[in-house]
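The block underneath contains the structure these notes are about, expressed in structure tokens.
The values are calculated or read from the model by the stated rules, or taken from the named source; none is laboratory data. These numbers come from a predicted model, not from an experiment. Positions of Cβ are backbone-derived with ideal geometry, glycine not excepted, and every protein chain shown enters the neighbour counts. Heads up: the accessible areas ignore ligands, DNA and RNA and are worked out on the full protein's heavy atoms, side chains in. Shrake-Rupley method; radii C 1.70, N 1.55, O 1.52, S 1.80 Å.
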Amino acid sequence: MDLDPEGLFRDDSDEDDDNVQEREANKEMVVYLIDASPKMFTPATKADEKEETHFHTIVNCITHALKTQIIGRSYDEVAICFFNTKEKKNLQELAGVYVYNVTEREPLDRPDARLIKEFSCIEDSFMSNIGSRYGITSGSRENTLYNALWVAQALLRKGSVKTVSKRIVIFTNEDDPFGGLTGAVKTDMIRTTIQRARDAQDLGLSIELLPLSRPDEEFNISLFYADLIGLEGDEIVDYLPSSGEKLEDMTNQLKKRMMKKRKVKTLAFAITNDVCIEVNTYALIRPTTPGAITWLDSISNLPLKAERSFICNDTGALLQDPQKRFQVYNDKIVKFSTRELSDVKRVSSHHLRLLGFKPLDYLKDYHNLRPSTFIYPSDEQIFGSTRVFVALHSSMRRLGRFALAFYGNPTRPQLVALIAQEEVTSAGGQIEPPGIHMIYLPYSDDVRYPEEVHLTSDDAPRATDEQIKKASNLLRRIDLKNFSVCQFSNPALQRHYGILEALALGEDEMPDVKDETLPDEEGLARPVVVKAVEEFKASVYGENYDQEEAEAAAAKAGASKKRKALTDAAAEKSAAHNWAELADTGKLKDMTVVDLKSYLSAHGLPVSGKKEALVSRILTHLGK
């Protein structure tokens, strides 16, 4: 519930400050390290008729990720770096490393249309312009993976790790890059590479791996990369993806790691007056809308800055003094000073306060006002927060209870339900993390009760056993397999951004946007489904049911009901006047056209024509 739906209490700078805070809190810098060795250009599967390579898969994945990043209005910065290349292009002049970029763009910067367009076509010219080779070979001390990590670390030097998340994502199908070496040379190169990775991690950089399995063997992460990214024991098994080489699977993995569940804010959670812990909050779902329109200067093509001025309504003079704000209450104008506005906005302090516990069945589905916020403990400021949080989480799961708390948002304080979530894992890793969901509850003012409808046993419709049986068969035939809400994209947004993408990339044709919300016509046309639908219709409407005839009859009946309702309303309104007396005294001409038409409608007479014609028609009907 918005306390200020018309923006009465909003300061002029509120919205800009929120955008700056969100941009700073969500900013991330990513360097994509792509293996360009000859193995990456071999077919991804043995039965691959199109001979799609792992390199092609990675290019498509990153291209899709860059488009998603622009659509999400993300402020993240991205760099693309190839290793195991013939050509070199990096500030350190290290062999076998090529930092890919386009003109008028920094190596680590926000993605633009030119980068996406040229990178998506890089396969056509990669061999001739950049080249592919094995960077770590027997008899050579050259270590291209070490060089690539060094270049990536140098690219991520700008920005503080306290406000910016920095990550290196490695794409490769070679699980043992030093497999061709032996003896002390191999040991020394492995040691120096792992040490380079640990140095980067000590500086706050996160290193992740997206492995691809070759047709003849699975990717064995324990050979080398487990030590590189710091995995041990069960973490190695959980890290391996359940599916490797397909484009959709890789794209999903990349989006899952690119769109991390970033911290929104840190809250103090008061368990009692003497016990308070620290928790971080995360937004798991946020509505996506088209980006705001930016006005540009017609000459320089630069964004325009909007300024607002106030003009006196009476004199038209430009006002210079600060404006006062007011609200009408009980026919009185209530004015607010700047301090009073600030005091009104700060309804409560910014923290969570526990009120008590209740069984989970007290919560109803419609109690959730908006998407929940995910809560996870932090020991950064208050040591011991995680232990207290885990104890509460485990007890709530075991007893089947939720915690009722008060969330003191400065401008929107709310009652919230804290529901413990159990961890869910699969072979591909963690699906749902353990933590607590904060459900926003309504106040009594927000509850709307539906009208009560009491039906007698004669009025209430009932379905026969045969109809229920046919309906059950229909449900089984049109069952959605492997359903997930995550598989449906907003068709309006997809078309909007598809057109923007075509215009930005200079493409001649608009892209075909697949509407995933449309019914599966091919699936519905299957004989078993058609038979189930026909049997259900026959059980409800009968064998000789004609849908078009029934719709025409229903439309005719609806029109008749509408005409009758209008006639009844006109008769009720017409009965308020003594029409014979009005005719005798000559006052019909003083009546409004609406009143005259109500009399005519009530008596089934035409209502067309000017006022004089309506009066004449009424007098004729009255016999005057």
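Structural remarks
- Extension gain for the segment ARG448 to GLN92, taken as residue separation times 0.36 nm less the Cα-Cα distance, is 121.6 nm to one decimal.
- Between LYS514 and LYS263, the FRET efficiency estimated from the beta carbon spacing at R0 = 25 angstrom works out to 0.15.
- Here the extension length gained between PHE483 and ILE236 equals 86.0 nm, from 0.36 nm per residue of separation less the Cα-Cα distance.
- In order along region 161-169, the phi-based Karplus estimate (6.51 cos²θ - 1.76 cosθ + 1.60, θ = phi - 60°) of 3J(HN,Hα) comes to 5, 6, 10, 10, 8, 10, 9, 10, 10 Hz; Gly and Pro are listed as x.
- Distance between modelled label sites at GLU581 and GLN467, nm, 7 Å Cα→Cβ extension: 5.4 nm
- Extension gain (nm, one decimal) between THR281 and ARG370, 0.36 nm per residue minus Cα-Cα: 30.5 nm
- Measuring between their Cα centroids, region 106-155 and region 574-624 lie 88 Å from each other.
- Note on region 63-158: with neighbouring protein chains present and a 1.4 Å probe, carbon and sulfur make up 48 percent of its accessible heavy-atom surface.
- Point-to-point label distance, ASP176-GLU572, nm (Cα→Cβ direction, 7 Å offset): 8.8 nm
- A Förster radius of 45 Å combined with the Cβ-Cβ distance from GLU423 to GLU534 puts the calculated FRET efficiency at roughly 0.45.
- Cα-based Lys proximity count in region 558-622, under 20 Å, for pairs eight or more positions apart or on separate chains: 18
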